1. Could you give the dipole magnitude of the chain about its Cα centre, charging the beta-carbon of Lys and Arg +1 and that of Asp and Glu -1, in debye to the nearest 20?
2. Check Gly245: other-chain or 5+ apart residues with amide H under 5 Å from its amide H, H built from backbone geometry?
3. Based on the alpha-carbon gyration tensor of segment 166-284 and its eigenvalue square roots a ≥ b ≥ c, which shape applies: rounded if a/c is under 1.5, prolate if not and a/b is larger than b/c, or oblate?
4. Label 7 Å along Cα→Cβ of Lys119; segment 143-165 residues with amide nitrogen under 17 Å?
5. Could you pull the accessible area for Thr232 with a 1.4 Å probe, rounded to 10 Å²?
6. When the chain is modelled as a GNM with alpha-carbon springs shorter than 10 Å, which of Trp189, Trp181, Trp88 fluctuates the most?
7. Which of Asp127, Asp190, Asp59 moves most in a GNM of the chain, Cα contacts under 10 Å?
8. Percent of accessible area on the chain owned by carbon and sulfur, 1.4 Å probe?
Amino acid sequence: MASDEQVQKTIADCLKLGNEQLTAAEIENPRLDVRLLLAETLSVDTSYLFGYPEKLLNDGQFRHFQAMINRRLKREPVSKIIGRKEFWSLEFKVSRDTLDPRPDSETLIEAVLESLVDKTESIKILDLGTGTGCLLLTLLSELQAAKGLGIDISDKALAIAKDNAEALGLSDRVAFQLGNWCDGVKDGWDIIISNPPYIGEDEKKILSPEVLNYDPALALFAENNGMKDYQTFIPQAASILKNNGMLVVEAGHTQAEAINALMSDAGLMVYPAKKDLGGIARACIARKCI
Ligand SMILES: C[S@@+](CC[C@H](N)C(=O)[O-])C[C@H]1O[C@@H](n2cnc3c(N)ncnc32)[C@H](O)[C@@H]1O
(Lines give C-alpha, C1' and ligand atoms only; values in the text may rest on other atoms or scores of the structure.)
Protein backbone atom coordinates (compact mmCIF):
# COMPACT_ATOMS: atom_id res chain seq x y z
CA MET A 1 0.00 0.00 0.00
CA ALA A 2 1.38 3.42 -0.94
CA SER A 3 1.99 5.70 2.02
CA ASP A 4 2.89 9.34 2.34
CA GLU A 5 4.96 9.52 5.52
CA GLN A 6 4.76 13.34 5.60
CA VAL A 7 1.00 13.74 5.63
CA GLN A 8 -1.00 12.36 8.53
CA LYS A 9 -3.99 10.31 7.48
CA THR A 10 -7.53 10.61 8.78
CA ILE A 11 -9.93 7.73 9.30
CA ALA A 12 -11.69 8.72 6.05
CA ASP A 13 -8.33 8.71 4.18
CA CYS A 14 -7.52 5.24 5.48
CA LEU A 15 -10.92 3.83 4.55
CA LYS A 16 -10.49 5.20 1.03
CA LEU A 17 -6.88 4.02 0.64
CA GLY A 18 -7.54 0.55 1.98
CA ASN A 19 -10.65 0.17 -0.14
CA GLU A 20 -8.74 1.17 -3.29
CA GLN A 21 -6.01 -1.37 -2.56
CA LEU A 22 -8.30 -4.29 -1.80
CA THR A 23 -10.59 -3.48 -4.73
CA ALA A 24 -7.62 -3.43 -7.11
CA ALA A 25 -6.62 -6.88 -5.81
CA GLU A 26 -10.19 -8.12 -6.47
CA ILE A 27 -10.81 -9.02 -2.85
CA GLU A 28 -14.46 -9.65 -2.02
CA ASN A 29 -16.22 -7.21 0.34
CA PRO A 30 -13.28 -4.79 0.48
CA ARG A 31 -15.18 -2.09 2.40
CA LEU A 32 -16.12 -4.44 5.21
CA ASP A 33 -12.58 -5.81 5.51
CA VAL A 34 -11.05 -2.33 5.60
CA ARG A 35 -13.50 -1.21 8.28
CA LEU A 36 -12.71 -4.25 10.42
CA LEU A 37 -8.96 -3.79 10.06
CA LEU A 38 -9.07 -0.07 10.79
CA ALA A 39 -11.34 -0.58 13.80
CA GLU A 40 -8.90 -3.22 15.06
CA THR A 41 -5.97 -0.81 14.60
CA LEU A 42 -7.71 1.85 16.66
CA SER A 43 -9.28 -0.59 19.17
CA VAL A 44 -12.74 0.82 18.46
CA ASP A 45 -16.06 -0.48 17.10
CA THR A 46 -16.64 -0.09 13.37
CA SER A 47 -19.46 2.40 14.17
CA TYR A 48 -16.82 4.77 15.64
CA LEU A 49 -15.25 5.11 12.17
CA PHE A 50 -18.41 6.72 10.79
CA GLY A 51 -18.73 9.08 13.77
CA TYR A 52 -15.15 10.43 13.56
CA PRO A 53 -14.05 10.45 9.88
CA GLU A 54 -11.70 13.43 10.44
CA LYS A 55 -9.80 11.85 13.35
CA LEU A 56 -6.09 11.60 12.58
CA LEU A 57 -4.09 8.40 12.98
CA ASN A 58 -0.65 8.73 14.54
CA ASP A 59 2.32 7.25 12.63
CA GLY A 60 2.32 4.00 14.58
CA GLN A 61 -1.38 3.47 14.00
CA PHE A 62 -1.07 4.16 10.30
CA ARG A 63 1.87 1.77 9.94
CA HIS A 64 -0.07 -0.91 11.82
CA PHE A 65 -3.10 -0.41 9.57
CA GLN A 66 -0.90 -0.52 6.48
CA ALA A 67 0.73 -3.76 7.62
CA MET A 68 -2.66 -5.40 8.10
CA ILE A 69 -3.87 -4.27 4.67
CA ASN A 70 -0.69 -5.74 3.20
CA ARG A 71 -1.48 -9.09 4.85
CA ARG A 72 -5.02 -8.98 3.46
CA LEU A 73 -3.56 -8.27 0.00
CA LYS A 74 -1.75 -11.61 0.33
CA ARG A 75 -5.25 -13.10 0.83
CA GLU A 76 -4.88 -13.76 4.54
CA PRO A 77 -8.43 -13.69 5.97
CA VAL A 78 -9.36 -10.84 8.30
CA SER A 79 -10.09 -13.41 11.04
CA LYS A 80 -6.53 -14.71 10.93
CA ILE A 81 -5.12 -11.17 10.88
CA ILE A 82 -7.09 -10.03 13.92
CA GLY A 83 -6.98 -13.46 15.58
CA ARG A 84 -10.68 -14.01 16.20
CA LYS A 85 -13.92 -15.00 14.53
CA GLU A 86 -17.57 -14.82 15.56
CA PHE A 87 -19.70 -17.98 15.73
CA TRP A 88 -23.25 -18.13 17.14
CA SER A 89 -22.68 -14.53 18.35
CA LEU A 90 -19.76 -15.68 20.51
CA GLU A 91 -16.17 -14.67 19.90
CA PHE A 92 -13.54 -17.37 19.28
CA LYS A 93 -9.79 -17.00 19.20
CA VAL A 94 -8.38 -18.47 15.95
CA SER A 95 -4.89 -19.06 14.59
CA ARG A 96 -3.09 -20.66 11.65
CA ASP A 97 -3.53 -23.96 13.56
CA THR A 98 -7.33 -23.83 13.63
CA LEU A 99 -10.09 -23.87 11.07
CA ASP A 100 -12.09 -20.65 11.16
CA PRO A 101 -15.57 -21.38 12.52
CA ARG A 102 -18.03 -21.28 9.60
CA PRO A 103 -21.65 -20.03 9.61
CA ASP A 104 -22.74 -23.35 7.99
CA SER A 105 -21.64 -25.19 11.13
CA GLU A 106 -24.28 -23.33 13.13
CA THR A 107 -26.70 -25.82 11.51
CA LEU A 108 -25.20 -28.50 13.79
CA ILE A 109 -25.86 -26.38 16.87
CA GLU A 110 -29.47 -25.89 15.79
CA ALA A 111 -29.85 -29.64 15.13
CA VAL A 112 -28.55 -30.55 18.60
CA LEU A 113 -30.68 -27.95 20.39
CA GLU A 114 -33.80 -29.02 18.49
CA SER A 115 -33.18 -32.66 19.44
CA LEU A 116 -33.23 -31.95 23.18
CA VAL A 117 -36.58 -31.95 24.97
CA ASP A 118 -35.11 -30.78 28.29
CA LYS A 119 -32.27 -28.29 27.92
CA THR A 120 -31.61 -28.18 31.67
CA GLU A 121 -30.50 -31.83 31.94
CA SER A 122 -26.89 -32.53 32.86
CA ILE A 123 -25.87 -34.26 29.64
CA LYS A 124 -22.40 -35.27 28.38
CA ILE A 125 -21.24 -34.01 24.97
CA LEU A 126 -18.24 -35.32 22.99
CA ASP A 127 -16.82 -33.15 20.16
CA LEU A 128 -14.57 -35.01 17.71
CA GLY A 129 -12.07 -32.72 15.93
CA THR A 130 -12.83 -29.78 18.20
CA GLY A 131 -10.44 -27.22 16.62
CA THR A 132 -11.26 -23.87 18.25
CA GLY A 133 -13.84 -25.66 20.37
CA CYS A 134 -16.56 -23.59 18.70
CA LEU A 135 -19.18 -26.37 18.46
CA LEU A 136 -18.69 -27.77 21.95
CA LEU A 137 -18.32 -24.42 23.71
CA THR A 138 -21.37 -22.99 21.95
CA LEU A 139 -23.44 -25.97 23.08
CA LEU A 140 -22.14 -25.62 26.64
CA SER A 141 -23.04 -21.93 26.59
CA GLU A 142 -26.62 -22.86 25.60
CA LEU A 143 -26.97 -25.88 27.90
CA GLN A 144 -26.11 -24.67 31.38
CA ALA A 145 -25.85 -28.10 33.05
CA ALA A 146 -24.04 -29.92 30.23
CA LYS A 147 -20.39 -31.06 30.38
CA GLY A 148 -18.12 -31.78 27.47
CA LEU A 149 -14.93 -33.29 26.12
CA GLY A 150 -13.22 -32.02 22.97
CA ILE A 151 -10.78 -34.29 21.12
CA ASP A 152 -8.29 -33.16 18.50
CA ILE A 153 -5.15 -34.58 16.93
CA SER A 154 -3.56 -31.11 16.95
CA ASP A 155 -2.16 -29.98 20.29
CA LYS A 156 -1.85 -26.43 18.96
CA ALA A 157 -5.57 -26.37 18.15
CA LEU A 158 -6.32 -27.73 21.62
CA ALA A 159 -4.36 -24.87 23.21
CA ILE A 160 -6.61 -22.41 21.34
CA ALA A 161 -9.74 -24.34 22.40
CA LYS A 162 -8.62 -24.12 26.04
CA ASP A 163 -8.12 -20.34 25.71
CA ASN A 164 -11.62 -20.05 24.24
CA ALA A 165 -13.12 -22.07 27.10
CA GLU A 166 -11.38 -19.79 29.58
CA ALA A 167 -12.50 -16.60 27.83
CA LEU A 168 -16.11 -17.82 27.70
CA GLY A 169 -16.08 -18.84 31.37
CA LEU A 170 -16.71 -22.51 30.53
CA SER A 171 -13.45 -24.13 31.70
CA ASP A 172 -15.12 -25.82 34.67
CA ARG A 173 -17.48 -27.80 32.40
CA VAL A 174 -15.10 -28.82 29.62
CA ALA A 175 -11.96 -30.89 29.11
CA PHE A 176 -9.81 -31.17 26.02
CA GLN A 177 -7.76 -34.20 25.07
CA LEU A 178 -5.20 -34.99 22.39
CA GLY A 179 -6.37 -38.01 20.45
CA ASN A 180 -7.24 -39.80 17.22
CA TRP A 181 -11.06 -39.70 16.90
CA CYS A 182 -12.57 -42.04 19.54
CA ASP A 183 -9.41 -44.05 20.33
CA GLY A 184 -9.38 -44.67 24.08
CA VAL A 185 -12.51 -42.58 24.72
CA LYS A 186 -14.89 -44.11 27.29
CA ASP A 187 -18.55 -44.67 26.43
CA GLY A 188 -21.65 -42.99 27.87
CA TRP A 189 -22.19 -39.91 25.67
CA ASP A 190 -25.59 -38.25 25.25
CA ILE A 191 -24.43 -36.22 22.24
CA ILE A 192 -21.49 -36.75 19.91
CA ILE A 193 -20.87 -33.93 17.48
CA SER A 194 -18.24 -33.62 14.77
CA ASN A 195 -17.17 -31.41 11.90
CA PRO A 196 -14.30 -33.52 10.52
CA PRO A 197 -12.02 -32.79 7.56
CA TYR A 198 -14.13 -33.66 4.50
CA ILE A 199 -12.64 -32.05 1.41
CA GLY A 200 -11.34 -34.46 -1.23
CA GLU A 201 -7.94 -33.80 -2.82
CA ASP A 202 -9.65 -33.17 -6.17
CA GLU A 203 -11.59 -30.25 -4.65
CA LYS A 204 -8.37 -28.45 -3.69
CA LYS A 205 -8.43 -26.48 -6.94
CA ILE A 206 -11.77 -24.82 -6.14
CA LEU A 207 -10.72 -23.55 -2.72
CA SER A 208 -9.99 -19.85 -2.27
CA PRO A 209 -6.44 -18.83 -1.29
CA GLU A 210 -7.91 -17.67 2.04
CA VAL A 211 -8.86 -21.28 2.84
CA LEU A 212 -6.13 -23.19 1.04
CA ASN A 213 -3.23 -21.12 2.37
CA TYR A 214 -4.47 -20.12 5.82
CA ASP A 215 -6.67 -22.92 7.22
CA PRO A 216 -4.61 -25.96 8.33
CA ALA A 217 -4.59 -28.85 5.83
CA LEU A 218 -5.18 -31.20 8.78
CA ALA A 219 -8.57 -29.58 9.27
CA LEU A 220 -9.57 -29.59 5.60
CA PHE A 221 -8.63 -32.71 3.68
CA ALA A 222 -9.56 -36.35 3.92
CA GLU A 223 -8.82 -39.31 1.65
CA ASN A 224 -11.48 -41.34 -0.21
CA ASN A 225 -13.07 -38.22 -1.74
CA GLY A 226 -13.27 -36.64 1.70
CA MET A 227 -15.04 -39.66 3.28
CA LYS A 228 -12.10 -41.31 5.11
CA ASP A 229 -12.62 -39.74 8.53
CA TYR A 230 -16.39 -40.34 8.54
CA GLN A 231 -15.67 -43.99 7.71
CA THR A 232 -13.27 -44.16 10.66
CA PHE A 233 -15.15 -42.42 13.43
CA ILE A 234 -18.87 -43.04 12.75
CA PRO A 235 -18.75 -46.75 13.79
CA GLN A 236 -16.58 -45.81 16.79
CA ALA A 237 -18.97 -43.04 17.82
CA ALA A 238 -21.98 -45.33 17.48
CA SER A 239 -20.38 -47.78 19.89
CA ILE A 240 -19.70 -45.20 22.64
CA LEU A 241 -23.04 -43.35 22.47
CA LYS A 242 -25.54 -43.94 25.28
CA ASN A 243 -28.80 -45.57 24.34
CA ASN A 244 -30.97 -42.74 22.92
CA GLY A 245 -27.82 -40.65 22.37
CA MET A 246 -27.53 -38.51 19.23
CA LEU A 247 -24.73 -38.31 16.67
CA VAL A 248 -24.68 -35.03 14.70
CA VAL A 249 -22.10 -34.72 11.95
CA GLU A 250 -21.33 -31.95 9.47
CA ALA A 251 -21.49 -32.97 5.81
CA GLY A 252 -19.76 -31.54 2.76
CA HIS A 253 -22.12 -30.38 0.03
CA THR A 254 -22.45 -33.80 -1.66
CA GLN A 255 -21.84 -36.13 1.27
CA ALA A 256 -25.05 -36.35 3.34
CA GLU A 257 -26.38 -39.47 1.67
CA ALA A 258 -23.13 -41.40 2.07
CA ILE A 259 -22.84 -40.28 5.71
CA ASN A 260 -26.41 -41.37 6.42
CA ALA A 261 -25.54 -44.79 4.96
CA LEU A 262 -22.50 -45.04 7.27
CA MET A 263 -24.66 -44.11 10.26
CA SER A 264 -27.26 -46.69 9.30
CA ASP A 265 -24.56 -49.36 8.78
CA ALA A 266 -23.32 -48.54 12.30
CA GLY A 267 -26.78 -49.48 13.65
CA LEU A 268 -28.08 -45.94 14.24
CA MET A 269 -31.55 -44.65 13.41
CA VAL A 270 -31.08 -41.93 10.80
CA TYR A 271 -33.16 -38.73 10.70
CA PRO A 272 -33.50 -36.38 7.71
CA ALA A 273 -30.39 -34.20 7.46
CA LYS A 274 -30.84 -30.56 8.45
CA LYS A 275 -30.20 -28.05 5.68
CA ASP A 276 -28.07 -24.93 6.04
CA LEU A 277 -29.20 -21.47 4.89
CA GLY A 278 -28.01 -22.26 1.37
CA GLY A 279 -30.32 -25.31 1.19
CA ILE A 280 -27.44 -27.85 1.47
CA ALA A 281 -28.00 -30.93 3.66
CA ARG A 282 -25.39 -29.94 6.26
CA ALA A 283 -26.10 -31.69 9.56
CA CYS A 284 -26.50 -35.47 9.43
CA ILE A 285 -28.42 -36.67 12.47
CA ALA A 286 -28.83 -40.15 13.93
CA ARG A 287 -29.95 -41.70 17.22
CA LYS A 288 -28.83 -44.87 18.97
CA CYS A 289 -31.86 -47.01 19.80
CA ILE A 290 -31.02 -50.44 21.16
C1 LIG B 1 -12.99 -29.17 9.95
S2 LIG B 1 -12.03 -28.93 11.40
C3 LIG B 1 -13.34 -28.58 12.55
C4 LIG B 1 -12.94 -27.72 13.71
C5 LIG B 1 -14.12 -27.26 14.58
N6 LIG B 1 -14.80 -28.40 15.18
C7 LIG B 1 -15.11 -26.45 13.77
O8 LIG B 1 -16.22 -26.95 13.51
O9 LIG B 1 -14.77 -25.32 13.36
C10 LIG B 1 -11.54 -30.59 11.76
C11 LIG B 1 -10.71 -30.77 13.00
O12 LIG B 1 -10.43 -32.18 13.11
C13 LIG B 1 -9.11 -32.34 13.60
N14 LIG B 1 -8.64 -33.67 13.22
C15 LIG B 1 -8.12 -34.10 12.04
N16 LIG B 1 -7.81 -35.40 12.09
C17 LIG B 1 -8.15 -35.84 13.33
C18 LIG B 1 -8.07 -37.09 13.99
N19 LIG B 1 -7.57 -38.16 13.38
N20 LIG B 1 -8.51 -37.18 15.27
C21 LIG B 1 -9.00 -36.08 15.91
N22 LIG B 1 -9.10 -34.85 15.33
C23 LIG B 1 -8.68 -34.73 14.05
C24 LIG B 1 -8.34 -31.20 12.96
O25 LIG B 1 -7.15 -30.91 13.66
C26 LIG B 1 -9.38 -30.07 13.00
O27 LIG B 1 -9.24 -29.30 14.18
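The values are calculated or read from the model by the stated rules, or taken from the named source; none is laboratory data. Nothing here was measured: the structure is a model prediction, and the numbers come from that model. Using ideal geometry, Cβ is built from the backbone for each residue, glycine included, and neighbour counts are taken over all protein chains shown. Calculation scope for accessible area: heavy atoms of the full protein, side chains included, ligands and nucleic acids excluded. Shrake-Rupley method; radii C 1.70, N 1.55, O 1.52, S 1.80 Å.
1. Details: 32 positive and 43 negative charges, 35 e Å.
Value, rounded to 20: 160 debye.
2. Residues meeting the criterion, in which the H sits 1.01 Å from N, are Lys288.
3. Judged from the Cα gyration tensor, segment 166-284 comes out oblate (a/c at least 1.5, b/c at or above a/b).
4. From segment 143-165, the list is 143-147.
5. Roll a 1.4 Å probe over it and Thr232 shows about 50 Å².
6. With Cα springs under 10 Å in the chain, the top fluctuation among Trp189, Trp181, Trp88 is at Trp88.
7. Comparing Asp127, Asp190, Asp59 in the GNM, the peak value goes to Asp59.
8. The nonpolar share, carbon plus sulfur, comes to 49 percent.
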